[in-house]
Structures are given as structure tokens and as C-alpha cells.
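The values are calculated or read from the model by the stated rules, or taken from the named source; none is laboratory data. This structure is a prediction, so every number in the text was calculated from the model and none was measured. Quick reminder, even Gly has a Cβ in these numbers, built from the backbone with ideal geometry, and neighbours come from all protein chains shown.
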């Protein structure tokens, strides 16, 4: 398979995933998009192996490695900070470390997280994931430029 | 670290693409090595030297050797 055909396939798979996501929301079945997403990624990984043109070697592996490491170095701090906030929310329940709520009856925080609240966490996780992707792409571009990915010379078409 | 890959490529009448295919790397990697933006692994350095039938020191010039050559 040619590289451009692969990129076209990535676009098509992404569109299908968006469609399945909305279908999943409509029928209220999260498993649909979860399974579809995993299958989509497996399909793309499998097809990527069939690309004829060589795309990876020791230099690209090093660029990927450095970008991933830098991303991890920053992301874990952000992720840990968010997780600490979540832990505070969890421990703020009446059954947690905090003493019973001193206010009038009925004003104490609920024992269970409500569904919309959990949904908010899901969106927050998505936002964190987007942050990770942006960080990775940014570092990938930086190191690719540093190690001559877009350099040209007289042999360039 | 400087290198003389471009010279040896010219001597063997090879393009970057051709050399890259022979060595199993991308053309951009050969270009990056030639421009001094990327230092190859020891394995790739040996592959390059063996491909041209010379020693690593003939192709890669480290530190003071750059001035002596």
C-alpha cells in the first residue's frame, strides 16, 4: 500500500468512528464506540505494516523516543495534579477523612457521585488526552526539525 | 562530527535514495547524517563503512581528526 492511500484510510476510519460515536450516544450503548475504536486502531496498525515505502529507521525511532519521553515528563505532572484534585473530591465525602458536614440537614455533599458528574470527568479525561496528543505532536515536530526531517538539498524533487 | 559520505557517494555514483535503500534507512536519514544533524548508531556507521569498503575513520571525522584530514 502507498503511504497516501494509508493516510486516506486513516481519514475514512476516523469518519466512521465519529459516526459510530454518535450512534453509540443515540442508542446509549458505550460498548459500541469502545469496541469500534479498538478495532479501528488495530486495523490501522495492521495496515501500516503493508506500506511499501520505508517510513521508520533508527533516526525516526530516536525522534519518537525523545518526543514520547518529553511528553511523559510533562504529562505526568499535569495528570498527577488533576488526580490529586480528584482524590480531594473523593476524600471530601462524609465517609472519607473529613468529619461529618456541619451545615443544616440536606446540604451535605452526596455519598455517591452523580452520573453527570462522572460524565464531566470523562470529558476532563478527554481534555487531558488531547493535551497529551498536542504535547507529543509538538515535541515530535521539534525533534523532527532538529534531526533534519524537513531539510532539503539538491537531490530534492 | 563531520563525515565524507557525500564524497564516497559521488565516488560510487550513488544518490541518497540509492544509498538509503542499500542500507535500509530513509533518504532523510542519509541527508541528516550528511548535513551533520544526526550522528548514526555504531551499527549504521559500520554498515556505511563496509558498504563503501573503507574503515569508519575514513568516513567519520571526530574532533581533532576534522582538522588533520
Residue check for residue A:69: at pLDDT 95 or above, within 22 Å of residue A:143 (Cα to Cα) and part of a helix (DSSP H, G or I): yes
Qualifying residue in the stretch A:74-90 (condition: in contact with a helix residue (DSSP H, G or I) (Cβ under 7 Å, 6 or more places away or on another chain), at pLDDT below 95, within 14 Å of chain B (Cβ to nearest Cβ) and part of a helix (DSSP H, G or I)): no
From B:7, B:25, B:54, residue being touching a residue at least 24 places away in the same chain (Cβ under 8 Å) and either farther than 26 Å from residue A:63 by Cα or within 14 Å of chain A (Cβ to nearest Cβ) (or both): B:54
Conditions (1) within 13 Å of chain A (Cβ to nearest Cβ); (2) over 18 Å from residue A:60 (Cα atoms): number failed by residue B:19: (2)
Residues of the stretch A:21-55 classified as closer than 30 Å to residue A:143 by Cβ, at pLDDT below 90 and exposed (fewer than 13 other Cβ atoms within 10 Å of the Cβ), total: 5
Pick from the stretch B:35-51, criterion assigned to a helix (DSSP H, G or I) and within 13 Å of chain A (Cβ to nearest Cβ), ranking: nearest to residue A:57 (Cα to Cα): B:44
Given (1) within 14 Å of chain B (Cβ to nearest Cβ); (2) modelled with pLDDT of 60 or more; (3) at negative phi, index of the condition residue A:148 fails: (3)
Selected residue [touching a helix residue (DSSP H, G or I) at 6+ places or on another chain (Cβ under 8 Å), buried (at least 17 other Cβ atoms within 10 Å of the Cβ) and outside any helix (DSSP H, G or I)] from B:25, B:54: B:25
